[in-house]
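Each remark here refers to the structure printed beneath this line.
The values are calculated or read from the model by the stated rules, or taken from the named source; none is laboratory data. Since the structure is predicted, the reported quantities are computational estimates derived from the model, not experimental observations. Here the Cβ is made from the backbone with ideal geometry for all residues, glycine too, and neighbour counts use every protein chain on show.
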Amino acid sequence: MKKIFLYSLIVFILLICCIIIWYPRILTGYAGFFTIHNATKGAEAILVLSGNIETRLPCAIKLHKDGYASQILFTETKAPHPLINAIGCDEKTMAEAIAEQMKVNVPITLVPSLKGGATSTFDEAYDMREYCLQHSFRHIIIVTDNHHTRRALYAFKKVFQETTVLVESMGTPNSVFNEQNWWQSDRGISAYSLELIKYAVYVLSNQNVSFIENH
């Protein structure tokens, strides 16, 4: 019994040492699971998902400049408060202002919501599916944060599965954290810890879940 206990203790200590030594690589690898970059040229549109417009829009503009698609789309999201709508602070308006500041001339179009404003990635996928069918799109690229690409792409493919539309994704680093340092900030820890739970819920569902809103 003493030998078994001693061997177990040695293995446990070695395991702890390995985790201490290799934890940055382990945590970076974990974060890398959630990132999918598979965008190819020839899409009709680039769809910027709601949230973190300051990083997602420049990524979409670069894709546009590089010839991936001829236009940029935004989804119509539900405003957190009526005053936001009253003063014209929707994402399309902000996107146009940012593009103007960047001195970029690119068509930016708002995808109408089927329910008065999207509140989740699934909502955005359903709205975009309807828009694609109306405009005979065959290929779109969604742009979102790196840690959100796998779940977003999964949701879109689930919603688009009965169509012939090719959906691809391109991620962009968050302005506060990325795959290599996410455990060093509260926002990064929150994002990557919750993302695993959110992804599991999306695998089991194909519509809104009350506790998953705005990605």
task = Inspect all residues belonging to segment 173-181 and state whether any of them is β-branched (Val, Ile, Thr), more than 18 Å from the chain's Cα centre (by Cα) and assigned to a loop (DSSP other than H, G, I, E, B).
result = no
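Considering only residues that are crowded, with 21+ Cβ neighbours inside 10 Å and in a loop (DSSP other than H, G, I, E, B), look in segment 40-53 and name the one that is nearest to the chain's Cα centre (by Cα).
So in segment 40-53, the residues crowded, with 21+ Cβ neighbours inside 10 Å come out as 43, 45-50.
Next, from what is left, pick out any that are in a loop (DSSP other than H, G, I, E, B): 49-50.
On the way: Leu49: 7, Ser50: 9 Å.
This residue is Leu49.
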query = For Ala155, all conditions in the list (1) touching a Lys or Arg at 6+ places or on another chain (Cβ under 7 Å); (2) touching a residue at least 40 places away in the same chain (Cβ under 8 Å) hold save one; what is the number of the exception?
reply = (1)
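Each row is one residue, and each column tells you yes or no for (1) β-branched (Val, Ile, Thr); (2) crowded, with 16+ Cβ neighbours inside 10 Å; (3) within 18 Å of the chain's Cα centre (by Cα); (4) at pLDDT 90 or above.
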site	(1), (2), (3), (4)
Ile16	yes, no, no, no
Ile26	yes, no, no, no
Ile36	yes, yes, yes, yes
Gly67	no, no, no, yes
Asn85	no, no, no, no
Gln101	no, no, no, no
Lys115	no, no, no, no
Ser120	no, yes, yes, no
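Yes or no: Thr163 in contact with a Gly (Cβ under 7 Å, 6 or more places away or on another chain) and at pLDDT 90 or above?
Details: in contact with a Gly (Cβ under 7 Å, 6 or more places away or on another chain): no; at pLDDT 90 or above: yes.
No.
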